[in-house]
């Protein structure tokens, strides 16, 4: 009787000790960090003011890439966030148009980079290069950026985008037709002799000018948008009263929607859906169309 009672008390005591030990271990254990649902989010939650600002939350620096140091394109300037605290960033290559050099679209470099991207504004081998050649050069620039450049360690090579102006916009379309792994594309006032882009699989925001007489929307930007697959995440934005040269100077509308598009599809950041879907109403936009399937 004594032995049985002792064993019973001992069992209870051991059970209580085990429970106490588990509670102590739970309390003493360090709290695991709360991870963001999307590991690619960069920067604070966006607002209308933040995407319209000329400077975003990241301080930036730039590095010049000489034409003699590369092959396949004409060199350029890389703009990048100076902080590495948030890990790697997505990257975007941007090419200017016919007869232009990188300075034509250079305003986009620091503006987009300050929102959390590495941005490469490139020159072409010749200012007379045609759209398809500009597309090939965009791809060469992305390869240099991710494999050779001095900032390659700051880039997530799986999250890349392209953009371009005029024949460079046509080049952006061409680049995404060739390399379907590209995450986002923003052709601006795009010009190209090819009118059908059914093979493109990259989410594409086409920006056109209502008064563009060089690349009229009806035969270029809007025609390109209409030819993109209906199942694709795509949008068409026409700037009210804008001429062909609209993307060559600082433009808040171009910047805010380009940034939102790149954030949404390179960073998979759904916090930017609010600016893209439903279709925005903006006094500077004469027409906006989209599939709006990403919201």
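The values are calculated or read from the model by the stated rules, or taken from the named source; none is laboratory data. If you're wondering where the values come from, they're calculated on a predicted model, not measured in any experiment. Here Cβ is always computed from backbone atoms with ideal geometry, including for glycine, and neighbour counts include all displayed protein chains.
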From the options 169, 221, 209, residue that is at pLDDT 95 or above, within 20 Å of residue 73 (Cβ to Cβ) and crowded, with 24+ Cβ neighbours inside 10 Å: 169
Filter pass, residue 194 being surrounded by fewer than 24 Cβ atoms within 10 Å (Cβ to Cβ), modelled with pLDDT of 95 or more, out of contact with any strand residue (DSSP E or B) (no Cβ under 9 Å at 6 or more places or on another chain) and within 21 Å of residue 70 (Cα to Cα): no
Any chance residue 84 is touching a residue at least 40 places away in the same chain (Cβ under 8 Å), part of a loop (DSSP other than H, G, I, E, B) and in the same structural domain as residue 188 (by TED's automatic domain parsing): yes
Count of residues meeting criterion [surrounded by 24 or more Cβ atoms within 10 Å (Cβ to Cβ) and within 25 Å of residue 39 (Cβ to Cβ)] in the stretch 80-110: 7
Conditions (1) touching a residue at least 60 places away in the same chain (Cβ under 8 Å); (2) in the same structural domain as residue 185 (by TED's automatic domain parsing); (3) not in a helix (DSSP H, G or I): number failed by residue 126: (1)
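Which ones in the stretch 249-285 are part of a helix (DSSP H, G or I) and either more than 14 Å from residue 112 (Cβ to Cβ) or modelled with pLDDT under 95 (or both)? Outline the logic, then answer.
Going residue by residue through the stretch 249-285, those that are part of a helix (DSSP H, G or I) are 252-266, 270-276.
Selection gives 253, 270, 271, 273, 274, 275, 276.
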Strands (runs of 3 or more DSSP E) lying entirely in the stretch 178-242 (those with 1 or more residues that are touching a residue at least 60 places away in the same chain (Cβ under 8 Å), within 30 Å of residue 158 (Cα to Cα) and in contact with a helix residue (DSSP H, G or I) (Cβ under 7 Å, 6 or more places away or on another chain)): 184-188
Of the criteria (1) in contact with a helix residue (DSSP H, G or I) (Cβ under 7 Å, 6 or more places away or on another chain); (2) under 25 Å from residue 197 (Cα atoms); (3) surrounded by fewer than 16 Cβ atoms within 10 Å (Cβ to Cβ), which one residue 252 fails: (2)
